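I have placed the structure first, in the form of structure tokens, so that the comments after it can refer back to it.
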Amino acid sequence: MGYHELVASLRREGEERVAAIRLAAGAEGDRIRGDAALELQALRESYARRRADAVAAAAGKLAAEGRRRAERIRLHAESSLAERLYAVARASLPELRDEEYATHFASLVGELLPCAWETVWVNPADVALAQRHFPGARIEGDRAISGGLRVAGEGGRLTIDNTFEKRLERCWPELASEVVAAVLPTV
């Protein structure tokens, strides 16, 4: 084999090796690019799941906060309504002074402990009625009392408030929820 043939053979062999290396490098590049694309897709999916989870968690927190706020607003509104209704109920107490009031007054007197009551406070319109029930007591008119009576005995150590106002005050905590429910529309 001559010099030219040897160089041509070496050149062919070199070109074949270069082509094989290029082919192998291209295949390796394709494999690396494929692996990178798969990793990139996996990262995208992972970040999408994390983002969706974060959005769902944030939405859940916002919804819960919204529910808490709405509940606070509802409770505040009901409380304000109950206060207004209490004021209306209290202002309506004089309407209980009907034609049967003397009987109701006697019932309230009957609820008292047996005692020598020294002072009795009543609505000024009830002074005569109170004098009949408590002949030995000092009777005082009190415009703040719409009905019923407040009594003191044993030197002021024993007092009982059996006025319409006190009775409403005592029963209002149980009565308020029923009254508010009757006034508010059902949702």
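Checking each residue in the range 88-127 for being touching a Ser or Thr at 6+ places or on another chain (Cβ under 9 Å), open to solvent by less than 70 Å² (accessible area, probe 1.4 Å) and hydrophobic (A, V, I, L, M, F, W, C) picks out LEU93, LEU108, TRP121, VAL122.
Has the range 57-75 got at least one residue that is within 30 Å of GLU165 (Cα to Cα) and at pLDDT below 90?
Taking the range 57-75 as the starting set, the residues that turn out to be within 30 Å of GLU165 (Cα to Cα) are 72-75.
Filter once more, keeping what is at pLDDT below 90: 74-75.
Looking through the range 57-75, at least one residue is within 30 Å of GLU165 (Cα to Cα) and at pLDDT below 90.
Residues in the range 107-129 that are part of a helix (DSSP H, G or I), more than 20 Å from LEU168 (Cβ to Cβ) and touching a residue at least 24 places away in the same chain (Cβ under 8 Å): LEU129 alone.
Scanning the range 128-143 for residues that are open to solvent by 70 Å² or more (accessible area, probe 1.4 Å) and within 41 Å of the chain's Cα centre (by Cα) turns up just one, ARG143.
Checking each residue in the range 1-47 for being assigned to a helix (DSSP H, G or I) and exposed (fewer than 10 other Cβ atoms within 10 Å of the Cβ) picks out TYR3, HIS4, GLU5. Kindly list the number of the only condition in (1) of a type outside the set (A, V, I, L, M, F, W, C); (2) without any contact (Cβ under 8 Å) to a residue 24 or more places away in the chain; (3) surrounded by 15 or more Cβ atoms within 10 Å (Cβ to Cβ) that fails for THR159. THR159 satisfies every listed condition except (3).
The values are calculated or read from the model by the stated rules, or taken from the named source; none is laboratory data. Since we're looking at a predicted model, the values are computed, not measured. Note that we place each Cβ from the backbone using ideal geometry, even for glycine, and neighbour counts take in every protein chain shown. For accessibility, only protein heavy atoms count, side chains too; no ligands or nucleic acids. Shrake-Rupley method; radii C 1.70, N 1.55, O 1.52, S 1.80 Å.
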